[in-house]
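Take a look at the structure set out below.
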Amino acid sequence: MSTVLRTEDLRREFGELVAVNDVSVEISSDEITSLIGPNGAGKTTFYNLLTGVLEPTGGQIQLNTADGFTTISGREPNEISQLGLSRSYQVTNIFEGLSVLDNLRVARISKHNRSMEPLTRMRGDDELYEQAWEMVELVELEDVAEEVCENLSHGDRRKVEIAVALATDPQIALFDEPTAGMNPQGTDYLVDLLSGLNENTETTFMITEHDMDVVFALSDRVIVLDQGAVIADGPPQKVREDDRVTRAYLGK
Ligand SMILES: Nc1ncnc2c1ncn2[C@@H]1O[C@H](COP(=O)(O)OP(=O)(O)OP(=O)(O)O)[C@@H](O)[C@H]1O
Ligand SMILES: [Mg+2]
């Protein structure tokens, strides 16, 4: 197994409340890992710690980068993203007034810290066009590539968000409820798409989902949080049968 990300006794308190309680996990590049747990378990807080949106009150986070394991806890979100950890937000991370292609151009260049460049220059950059177009093809948005995002269907927007998260070729991408708001067919389609993208990119996928069918369809490994602590960790089938997991969900 090759570890892409690890946390050691990661902790976050809000006053008296321990939202993330000494979580130590290693995420392997060979697996799709899902992070699940009842409402308020600490999943979003955990993601916020990983991405630098929140500072831990204890422990640390290390990302496997080109220079080996690098401590990312305490760094700024943009620095963490440039080191190779990206995230798709449940709340959208796309520019409504820009086309799909332009969104991907902007996402792509943020990798090289060039994101303050004017769009007119980006549009004249052939290499950037090719890279953005490759992402468009990966998520099957060819038909709407020039459309401004505010005109897209909900499903197509989700695909743009996924493409934006992958545009920087991150080591690891965190997907926060990637199928939220989709109907059953749309959900099945996105599950297939994500699983294909996982095969066709070097990026390791980590997913948070409330839809258990999606969790079981996509994941090789499931980590269950309850009241900030890991209560189960293993293959989906094993986690599904774990008494502590059943109790944690029934208790809510
Ligand atoms: N900024 C904050 N200030 C105070 N308490 C917070 C803050 N953010 C989260 N919490 C609390 O921390 C706990 C964990 O919340 P978190 O949002 O991480 O849970 P979650 O697992 O993402 O839940 P959900 O499934 O509902 O999205 C909750 O009790 C929440 O009220
Ligand atoms: Mg949450």
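Using modelled amide H (1.01 Å from N, peptide plane; none on Pro or chain starts), what sits under 5 Å from the amide H of V4, excluding residues fewer than 5 places away?
Answer set, sorted by chain and number: I27, S28, S29.
What is the order of K43, K238, fewest Cβ neighbours within 10 Å to most?
Fewest-to-most Cβ neighbours within 10 Å comes out as K238, K43.
I'd like the Karplus ³J(HN,Hα) series for region 6-23: coefficients 6.51, -1.76, 1.60, θ = phi - 60°, whole numbers in Hz, and an x wherever there's a Gly or Pro.
Working through the residues one at a time gives 9, 10, 10, 6, 5, 9, 9, 10, 10, x, 6, 7, 9, 7, 10, 10, 6, 8 Hz.
For the chain, please report how many Lys pairs fall under 25 Å Cα to Cα, leaving out neighbours fewer than 8 apart on the same chain.
5
R244 to E140: extension gain in nm, 0.36 nm per residue of separation minus the Cα-Cα distance?
That works out to 33.4 nm of additional length.
Taking the number of other C-beta atoms within 10 Å as the exposure measure, put K159, K111 in order starting with the fewest.
Placing the least packed residue first, the sequence is K111, K159.
Where the only charges are on Cβ atoms (+1 Lys, Arg; -1 Asp, Glu), what is the dipole of region 95-168 about its Cα centre, to the nearest 20 debye?
420
How long are the semi-axes of the ellipsoid equivalent to the chain, from square roots of 5 times the Cα gyration tensor eigenvalues, in whole Å, largest first?
31, 21, 16
In region 143-252, with Lys and Arg counted as +1 and Asp and Glu as -1 at Cβ, which of these residues, I231, G181, I207, has the Cα nearest the positive end of the dipole, that is, farthest along it?
My answer, from the dipole projection, is I231.
Could you tell me which of M116, V164, L98 has its Cα farthest along the dipole of region 95-168 towards the positive end, charges placed at Cβ (Lys, Arg +1; Asp, Glu -1), taken about the Cα centre?
M116
Can you tell me the FRET efficiency between V53 and S2 if r is taken as the Cβ-Cβ distance and R0 is 25 Å, rounded to the nearest 0.05?
0.40
Between S88 and residues 5 or more places away or on another chain, which pairs have amide H atoms under 5 Å apart, with H built 1.01 Å from N, and which residues are they?
Close amide H contacts, sequence-distant or interchain: L174, F175, D176.
Helix check for the chain. Which DSSP H runs span at least 20 Å along their own axis by Cα, with a mean Kyte-Doolittle hydropathy no less than -1.0?
Helices meeting the criterion: 184-200.
Gain in length, A66 to D169, computed as 0.36 nm per residue apart minus the alpha-carbon separation, to one decimal in nm?
Here the answer is 35.8 nm.
What ranking do R121, R87, R240 get, fewest neighbouring Cβ atoms within 10 angstrom at the top?
Listing R121, R87, R240 from fewest to most nearby Cβ atoms yields R121, R240, R87.
Rounding to the nearest 20 debye, state how big the charge dipole of the chain is about its Cα centre with +1 on each Lys and Arg Cβ and -1 on each Asp and Glu Cβ.
Dipole magnitude for the chain comes out near 780 debye.
Separation of region 179-252 and region 1-58 by C-alpha centroid, Å?
Taking the Cα centre of region 1-58 as reference, the centre of region 179-252 is 15 Å away.
Could you derive backbone 3J(HN,Hα) for region 202-208 from the dihedral phi with the Karplus parameters 6.51, -1.76 and 1.60 (θ = phi - 60°), listing whole Hz in sequence and x where the residue is Gly or Pro?
Karplus values, whole Hz, x for Gly and Pro: 7, 6, 8, 9, 10, 10, 10.
What length, rounded to one decimal in nm, is gained on full extension from E117 through to D213, with 0.36 nm per residue of separation minus their alpha-carbon distance?
Answer, rounded to one decimal: 30.3 nm.
List, in order, the whole-Hz ³J(HN,Hα) value for each residue of region 61-77 obtained from phi through the Karplus relation with A = 6.51, B = -1.76, C = 1.60 and θ = phi - 60°; use x for Gly and Pro.
Coupling constants for region 61-77: 10, 10, 10, 7, 10, 4, 9, x, 5, 10, 6, 9, 4, x, 8, 6, x Hz.
State, to one decimal in nm, how far the label point of E150 lies from the label point of E16, with both points 7 Å from Cα in the Cβ direction.
Rounded to a tenth, the inter-label distance reads 4.6 nm.
All of the numbers you see were taken from the coordinates with simple rules; none came from a lab. Every value quoted in this text rests on a predicted model; they were computed, and no experiment measured them. When we count neighbours, we look across all protein chains shown, and the Cβ atoms used for this are built from the backbone with ideal geometry, even at glycine.
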